[in-house]
Amino acid sequence: MSFNEEFMGNSPGVKPKIHLVERKTSDVLEQAEALPFWTQDYTQLSKGSFSGGLTSVTHKGLQIFRETMNRAVDEIACAPQDSYVIGLTTVIEGDATWGLMPVKENSLITLDKNSELVFRTSNLSEITAVVISAQRLEEYAAQVEWADLRKMMANVKPVEILPKEVTSRFQAALVDGMRYITEFRDSADVDQMWRHFEDEMMSTCLQTLLQANQNPSHHYDQRIHRYIVNRVRDSTLSSSGYPLTIGELCTELRISRRTLNHAFARVLGITPVAYMRNVRLHKIRAELQSAPHQVRYIASVAAKWGFWHMSLFSRYYRELFGETPLETLTLSRVGERH
């Protein structure tokens, strides 16, 4: 099996699994070999004992990784074939260059498909990046964002300085996504989780690239915004246990992700993802309150509305309603007896 076949998860007769690597290193050559699916040549530049770390999560042509090093290193590397690299320099202490351009902390860094990377790290560095199959991201851009990714990439420099709120949002998506998938990668529902995670990650990458392109937003009548919100609610309620991804919603409504986000920002001031989650949480709360003695397991009610992991579900529920699902159920049972 080639690295590229394993990266894409399309080897015949092999069911793809989430590929996880977590390593601490004490040698620069060991560090160069730690990142799976890449070919890399590292040369340590600054003197002293080397210490590095790597976390990588890969599945079906999408990889997220975080790499740290305590020494300046000259890197010459190639990503998996036919894939884009989009990331952030989350820690930079000292001089560094990416693609021969100076790079500072929290810069957006990109690598076009099938391009060689030349990265000169600082004395202390950390980068967090996503690697995505070019075909998947290009198709997603065309179908969901109505955007030509090749034109977008042509207008993005290897290093871009973006507003802090944009890079913070991108960093949160990378870090939280990596943590979440790492924690639940052995779950029976991991394929459903990955489908939504992959959709959100591709969308976040494209939104960040659009910011770099400084594409203008479109403006529509408020009634159209409300219509979009209502259609999303209808779709959320009808799909229940298998909620649609944002990409699927955009395809169904025949609108771009930018239009969807703008509608929710104008009408409700929250994201479509948060709204869809809240709609489902409200349906669960209604069931816990309306028929508390018919509820044997809260987890069953949660799963019916697409929440497969109780800890995450409970956190969302408590944040929204100020009490746990069990507290809701207990209070409802007490109230029903009186």
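Each reported figure results from applying straightforward, stated rules to the coordinates on display, with no laboratory input. Keep in mind the model is a prediction, meaning the values are calculated, not measured. Ideal geometry is used to build each Cβ from the backbone, glycine not excepted, and the neighbour counts take in all protein chains shown.
Structure notes:
- When each of the peptides 50-59, 174-183 is scored by how many other beta carbons lie within 10 Å of its residues on average, the order from highest to lowest is 50-59, 174-183.
- Computed [θ] at 222 nm, deg cm²/dmol, the chain (DSSP H ≥ 4; -39,500 (n - 2.57); rounded to nearest 500): -14500 deg cm²/dmol
- The structure shown yields semi-axes √(5λ) of the Cα gyration tensor in Å, and of the options [x] 45, 24, 16; [y] 39, 24, 19; [z] 32, 25, 20 that calculated value carries the label [y].
- A convex hull fitted around the alpha carbon atoms of the range 3-184 yields 118 Å³ per residue.
- All lysines inside 23 Å of LYS164 as judged from Cα atoms, apart from same-chain residues fewer than 8 positions distant: LYS104
- Hydrodynamic radius (Kirkwood) for the range 284-337, which is based on Cα pairs only, to one decimal in Å: 11.1 Å
- Against the chain, whose longest principal axis comes from its Cα atoms, helix 190-213 is set at around 60 degrees.
- More than 24 angstrom apart: percent of Cα pairs within the range 210-338: 39 percent
- Among the listed pairs LYS60/LYS157; LYS17/LYS283; LYS60/LYS283; LYS24/LYS47, a Cα-Cα separation exceeding 23 Å is found for LYS60/LYS157; LYS17/LYS283; LYS60/LYS283.
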